[in-house]
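Each remark here refers to the structure printed beneath this line.
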Protein chains: 2
Amino acid sequence: MKLITRDTDYALRALCFISRSSAGKFSVTKLSKELGVPRPFLRKILQTLNKQKILESTRGKAGGFILAKDPKKIFLTDIIGIFQGRLKLNECFLNRLICPDQRTCLLRKMLVKIERYVLKELGSITIASLLK
Amino acid sequence: MKLITRDTDYALRALCFISRSSAGKFSVTKLSKELGVPRPFLRKILQTLNKQKILESTRGKAGGFILAKDPKKIFLTDIIGIFQGRLKLNECFLNRLICPDQRTCLLRKMLVKIERYVLKELGSITIASLLK
DNA sequence: ACAATTGATACAATTATAGTATCATTTAGT
DNA sequence: ACTAAATGATACTATAATTGTATCAATTGT
Ligand code: FES
Ligand code: FES
């Protein structure tokens with residue numbers, strides 16, 4: 001079970017890298033070299049982050065990406081949400097044959113509980129906090 | 001993110017069904033009809049449960065599967081482990097570029113913490129407890 | 001004008017999940 | 001002994017998700 005997929009991972013790497021540097025603006029070419037991430041894939045990822053207003057892009061020669069937000073305000077749950085959809089452990093996976101009453105279902109309650117816990121924990125981590 | 005995959009799900013359905021019934025022994029054909037699970041797939045699943053000593057099989061005509069253990073002693077984590085491998089949220093997913101010291105890594109600590117929590121919660125659910 | 005960049009989007013490869021098929025072996029019933 | 005109904009073992013196929021690649025258009029500094 002992957003809590004964090006490759007694209008989320010790469011996105012985090014890029015955000016951390018950009019946050020740490022004072023330079024501010026980076027092209028995909030530069031970032032892909034620095035991070036060891038395939039260029040076209042990273043490009044797609046950064047474009048997504050741009051659309052989601054985590055990054056801001058400038059086009060044309062000498063263009064590139066800069067942070068659009070304070071790293072203290074970029075949460076791990078945001079990035080996971082963007083690339084993996086809202087974290088959801090499971091739909092009701094056993095059907096009514098097994099689980100005749102969803103309101104009292106123990107398993108359901110437990111999954112909801114776990115989900116809340118995970119979201120709370122991940123929601124406390126930001127890009128800033130990853131930089132130590 | 002799926003905490004529980006289809007085969008785990010089907011396995012749970014089957015185990016619950018068998019546990020609930022006093023009859024004890026069921027053939028794949030019977031179970032697949034009762035549970036609405038594709039027969040060959042269910043068969044593979046039950047064979048696996050047999051190998052893992054969760055079920056016990058008898059071959060030949062009038063053969064089938066019975067529980068090999070008290071439903072109070074079959075834990076959700078066991079079944080997940082069998083079909084999905086030991087629950088593991090993530091390897092160290094950011095490389096050393098980003099995370100220079102694993103011993104102090106905040107994210108790592110948090111993932112380990114979440115993993116422990118999930119295991120603890122799931123480890124408290126048994127087939128018996130799913131039957132209410 | 002040109003080169004270096006991103007925007008948008010379609011395409012391809014790889015991997016994981018879900019499911020099927022088949023032949024061999026066992027066993028109850030006749 | 002024969003047959004039918006079951007599992008054991010295992011190889012195969014299909015589908016979906018993930019992980020990438022490629023390409024053409026638009027923008028911008030020089
Ligand atoms: S398993 Fe879905 S509500 Fe109980
Ligand atoms: S991200 Fe791997 S140890 Fe910190």
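Just a few scattered comments:
- Legend: calculated FRET efficiency, A:K109 to B:N50, from the Cβ-Cβ distance at R0 = 30 Å, rounded to 0.05, equals 0.45.
- Backbone HN-Hα couplings from phi across segment B:56-65 [Karplus 6.51/-1.76/1.60, Hz, Gly and Pro as x]: 10, 10, 10, 8, x, 4, 6, x, x, 10
- Degrees separating the helix B:6-20 axis from the principal Cα axis of chain B, which is the longest one: 50
- Ordered by 1.4 Å accessible area with all protein chains kept, A:T48, A:T104, B:T126 run largest first as A:T104, A:T48, B:T126.
- FRET efficiency for B:R20 and A:K69, using Cβ-Cβ distance with R0 set to 45 Å, rounded to 0.05: 0.30
- Loss of accessible area when B meets A, both sides summed, Å² nearest 100, probe 1.4 Å: 3700
- With contacts taken as Cα pairs under 8 Å at a separation of at least 6 residues, chain B carries a relative contact order of 29 percent.
- Using alpha carbons only, the radius of gyration of segment B:6-130 set against its Kirkwood radius gives Rg/Rh = 1.14.
- Pairs of lysine residues in segment B:6-130 that meet both criteria, 8 or more places apart or on different chains and Cα atoms under 19 Å apart, total 25.
- Extended-chain gain in nm, criterion 0.36 nm per residue less alpha-carbon gap, B:K33 and B:Q84: 15.9 nm
- Mean residue ellipticity (222 nm) of chain A, computed from DSSP H runs ≥ 4 via -39,500 (n - 2.57), nearest 500: -15000 deg cm²/dmol
- Per residue solvent-accessible surface (Å²) - segment A:1-97, probe of 1.4 Å: 55
- Percent of Cα pairs exceeding the 24 Å cut-off, where the set is the protein assembly as shown: 56
- In degrees, nearest ten, helix A:39-51 long axis to first principal axis of chain A (Cα): 70
The values are calculated or read from the model by the stated rules, or taken from the named source; none is laboratory data. In this text the structure is predicted, and so the values were computed from the model without any measurement. Cβ sites come from the backbone with ideal geometry, for glycine too, and all protein chains shown count toward neighbours. With ligands, DNA and RNA removed, areas are computed over all heavy atoms of the protein, side chains included. Shrake-Rupley method; radii C 1.70, N 1.55, O 1.52, S 1.80 Å.
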